[in-house]
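Down below is the structure, laid out as structure tokens.
The values are calculated or read from the model by the stated rules, or taken from the named source; none is laboratory data. In this text, all values refer to a predicted model and were calculated from it rather than measured experimentally. Cβ atoms come from the backbone with ideal geometry, glycine included; neighbour counts cover every protein chain shown. Heavy atoms of the whole protein, side chains included, go into the accessibility calculation; ligands, DNA and RNA do not. Shrake-Rupley method; radii C 1.70, N 1.55, O 1.52, S 1.80 Å.
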Amino acid sequence: MIAKKNRLKKNRHFNYIYKKGERVFGKHINLCFLKTKFQPFKVGFSVSNKIGKSTVRNKVKRRMREIVRLNFNKIKSTNNLIFVAKEGIEKLTYKEIESEILFLLKRADLIV
């Protein structure tokens, strides 16, 4: 589980990052990130109702959280991140989601 100090929780923080941040697009996941001067950096996850019922959405979020948690020390601590799941992600395996998240982080130059 990601530590409480590293979680984005408030709707206004999400909206600020969506409005001011940069985006990297993948096939099943989008990454929105914004440079921050505060430490530690924060991570948020967004899964739309279009993905499926609550059990499916929660499963997708759990997988994404675990992938980020395991690779937390590789991520540069200069940006707040939001991972946005797109339709079709519910059919992917854990490894496919992991490879897409790591690809997005590399593409955004957020991997140490």
Rounded to whole Å and sorted largest first, what semi-axes of the equivalent ellipsoid does the C-alpha gyration tensor of region 16-73 yield via the square root of 5 times each eigenvalue?
22, 15, 10
Once Rh for the chain is found with the Kirkwood sum over Cα pairs, what is the Stokes-Einstein diffusion coefficient at 25 °C and 0.890 mPa s, in µm²/s?
175 µm²/s
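Once every DSSP H run of n ≥ 4 in the chain is given -39500 (n - 2.57) and the sum is divided by its residues, what mean residue ellipticity at 222 nm do you get, rounded to the nearest 500 deg cm²/dmol?
About -11500 deg cm²/dmol.
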With +1 on each Lys and Arg Cβ and -1 on each Asp and Glu Cβ, and nothing else charged, work out how big the dipole of the chain is about its Cα centre, in Debye to the nearest 20.
520 debye
Whole-percent carbon and sulfur share, accessible surface of the chain, 1.4 Å
52 percent
Region 12-46 and region 65-112: distance between their alpha carbon centers, rounded to Å:
12 Å
